[in-house]
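Below you'll find the structure, written out as structure tokens, and then a few comments.
The values are calculated or read from the model by the stated rules, or taken from the named source; none is laboratory data. Since the model is a prediction, treat every value here as computed from it, not as a measurement. Cβ atoms come from the backbone with ideal geometry, glycine included; neighbour counts cover every protein chain shown. In case anyone asks, the SASA skips ligands and DNA or RNA and just uses the protein heavy atoms, side chains included. Shrake-Rupley method; radii C 1.70, N 1.55, O 1.52, S 1.80 Å.
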Amino acid sequence: MLENYLPVLVLIGIAVAFAVGSVVMSGLIGMKKPSAVKLAPYECGMPLVGSARERFSVKFYIIAMLFILFDIEAVFLYPWAVMFKRLGMFGFVEMGVFIAILLVGFIYVWKKGALEWE
Amino acid sequence: MEAMLFYLVALVSVISAFFVTKCRNPINSALCLVTTFLCLAVFYVMLQAPFMAAIQIMVYAGAIMVLIIFVIMLLNIGSVGKSRYTHGVAGAIVLSFLSFIVAAKFIAGGTVSKAVGDISAEVVQSYGHTELIGKAMFTEFLLPFEIASILLLVAIVGAVILSKRKV
């Protein structure tokens, strides 16, 4: 049973090894000539505009919230997809009703302009 | 081998759960919480519930964590919440000790170690975990499943109304 997850374990191992290896190797063989400019925080080489510790707009939050709700909708699709052949037309109509109800919500979100970045 | 993996993952989950409360910076706490969620997903895989593991990663480690981090950013706790919080530590210790005793008693009594009902580990293994959930959800629990869509619809409308209000 657990042997089926060996590729996942290998993938995690490679990811951790690469992350740790990059940091350790650059610390070991990298050149170190620190200066005030080099040690300053940077973003794509642009001069800093201000502190990152600022209050963010609620616009980010609504996107995250809608993401969760439609994410949960997607979760329901997994057991349905696995059972699709065995459920037949009945399951198709069931999921159709489910999606249709959520489609009303999606149209509401769209028409309300909640996806607009005004 | 499996027991060793269990103890390793359990150790990681307990340590990361401890650092969720220990970290001064709320963003670090959130990252520790992701580690705890991932460990729980590994537990679900070990319990032969791969669908639960997938949900744990998709919904909790993915979506819920995004929401938590956005709350931290919205409230900007990063700059104010650095003071040490020692309130109610004694109460927490007593409470967790009591719940540990209760859990140990249940496990020793064997009431939670055995599967109840007609779905045993063999059935799950032969039929498949996701298939069993799908079968139950789309035949026996059809109405709750459709009601869930109404619930999600209400949540969508509520989220839009709350955040789009003009202030």
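For residues that are closer than 19 Å to B:V154 by Cβ and among the aliphatic types (A, V, I, L, M), scanning just segment A:73-84, find the one that is nearest to the other protein chains (Cβ to nearest Cβ). Filtering first and then ranking leaves A:V75. For A:V49, indicate whether it is β-branched (V, I, T) and at pLDDT 90 or above. In short, no. Residues that are assigned to a loop (DSSP other than H, G, I, E, B), surrounded by fewer than 18 Cβ atoms within 10 Å (Cβ to Cβ) and either hydrophobic (A, V, I, L, M, F, W, C) or in contact with a strand residue (DSSP E or B) (Cβ under 6 Å, 6 or more places away or on another chain) (or both) within segment B:16-72 comprise B:C23, B:L47, listed in sequence order.
Is segment A:51-72 home to any residue that is facing chain B (nearest Cβ under 7 Å), under 19 Å from B:I133 (Cβ atoms) and surrounded by 13 or more Cβ atoms within 10 Å (Cβ to Cβ)? Don't jump to the end; show me each part of the working.
Here is the first cut: in segment A:51-72, the ones facing chain B (nearest Cβ under 7 Å) are A:53-56, A:58, A:60-62, A:64-69, A:71-72.
So of that shortlist, the ones also under 19 Å from B:I133 (Cβ atoms) come out as A:71-72.
Of the ones still in play, those that are also surrounded by 13 or more Cβ atoms within 10 Å (Cβ to Cβ) are A:71-72.
For segment A:51-72, residues facing chain B (nearest Cβ under 7 Å), under 19 Å from B:I133 (Cβ atoms) and surrounded by 13 or more Cβ atoms within 10 Å (Cβ to Cβ): present.
Within segment A:23-42, identify whether any single residue is in contact with a helix residue (DSSP H, G or I) (Cβ under 9 Å, 6 or more places away or on another chain), open to solvent by 100 Å² or more (accessible area, probe 1.4 Å) and at negative phi, and answer yes or no.
Filtering segment A:23-42 down to residues in contact with a helix residue (DSSP H, G or I) (Cβ under 9 Å, 6 or more places away or on another chain) leaves none.
Scanning segment A:23-42, I find no residue that is in contact with a helix residue (DSSP H, G or I) (Cβ under 9 Å, 6 or more places away or on another chain), open to solvent by 100 Å² or more (accessible area, probe 1.4 Å) and at negative phi, so the answer is no.
Just to verify a result, which residue in segment B:129-157, among those that are closer than 12 Å to A:M65 by Cβ and open to solvent by 30 Å² or more (accessible area, probe 1.4 Å), is nearest to the chain's Cα centre (by Cα)? If we take residues in segment B:129-157 being closer than 12 Å to A:M65 by Cβ and open to solvent by 30 Å² or more (accessible area, probe 1.4 Å), then B:A155 is nearest to the chain's Cα centre (by Cα).
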